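Visitor: The structure that follows is given in the form of structure tokens.
The values are calculated or read from the model by the stated rules, or taken from the named source; none is laboratory data. The structure displayed is predicted, hence computed values, not measured ones. Glycine gets a Cβ as well: all are built from the backbone with ideal geometry, and neighbour counts include every protein chain shown.
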Amino acid sequence: MQMIHIVLAIIGGVCVGFGIWQLIVSIVENWQKSQKFKAAQSYAHQRNKPLLVAGGPWGNRRVRRFLNRPAHGAGDVCLDIDPKAMTGHPCGVVADVTHIPFADDSFGAAFASHLLEHLSSTADAQKALTELNRVADAVFIVYPFRQSLGGWFTRGHHLWVWQKGNTTYIKQRGKLGAKKVKFQVQVQ
């Protein structure tokens with residue numbers, strides 16, 4: 001009987017430890033997203049140009065609308081392929097991030113949060129980054145951490161995205177032997 005209590009205590013401790021770890025990962029991800037959004041706003045403001053947000057602040061989660069908690073700010077112009085993701089935005093544009101309908105250098109900055117991993121291929125992610133860099137002076141991206149369970153199990157995640165310095169790396173998920181693509185751009 002005592003052995004069962006020990007085993008249950010160990011299992012309970014592991015579960016609590018894992019839950020705390022995921023909570024910390026989530027807090028750090030949200031802090032990073034907030035910091036990058038503020039940096040993108042500041043960068044665009046310094047250049048006296050608007051801020052483009054690629055990926056609507058409401059996303060596809062109904063709970064965000066119910067709780068009135070957008071994932072991030074909306075920027076001056078909001079672009080998303082899904083009109084529901086930018087409900088209520090006065091300057092919402094329905095468009096694909098791989099074909100942005102704006103002239104070169106129209107924006108001081110572009111902010112893309114948890115967007116690239118939803119694209120179907122590394123080629124599409126490269127097109128998106130090229131387009132974002134074409135229309136904005138600087139690009140600020142946020143992506144799920146590999147330590148996040150959400151990053152692993154969210155439906156619709158096709159790519160892993162990570163950065164080191166000004167280099168963005170993209171790798172196809174779920175394919176054995178998939179090669180990572182290195183993309184050097186003006187990413188912040």
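Visitor: Only one of (1) over 18 Å from Thr98 (Cα atoms); (2) surrounded by fewer than 17 Cβ atoms within 10 Å (Cβ to Cβ); (3) touching a helix residue (DSSP H, G or I) at 6+ places or on another chain (Cβ under 9 Å); (4) not hydrophobic (A, V, I, L, M, F, W, C) is not met by Pro144, so which one is it?
Guide: Going through the list (1) over 18 Å from Thr98 (Cα atoms); (2) surrounded by fewer than 17 Cβ atoms within 10 Å (Cβ to Cβ); (3) touching a helix residue (DSSP H, G or I) at 6+ places or on another chain (Cβ under 9 Å); (4) not hydrophobic (A, V, I, L, M, F, W, C), Pro144 breaks only (2).
Visitor: Does any residue in segment 22-40 that is within 29 Å of Pro50 (Cβ to Cβ) come within less than 6 Å, Cβ to Cβ, of a residue that is among the polar types (S, T, N, Q) and outside any helix (DSSP H, G or I) six or more places away or on a different chain, and which pairs are these?
Guide: Lys33/Ser113
Visitor: Answer yes or no: is there a residue in segment 25-46 that is of a type in the set (Lys, Arg), outside any helix (DSSP H, G or I) and either more than 27 Å from Leu132 (Cα to Cα) or at pLDDT 85 or above (or both).
Guide: Scanning segment 25-46 turns up no residue that is of a type in the set (Lys, Arg), outside any helix (DSSP H, G or I) and either more than 27 Å from Leu132 (Cα to Cα) or at pLDDT 85 or above (or both).
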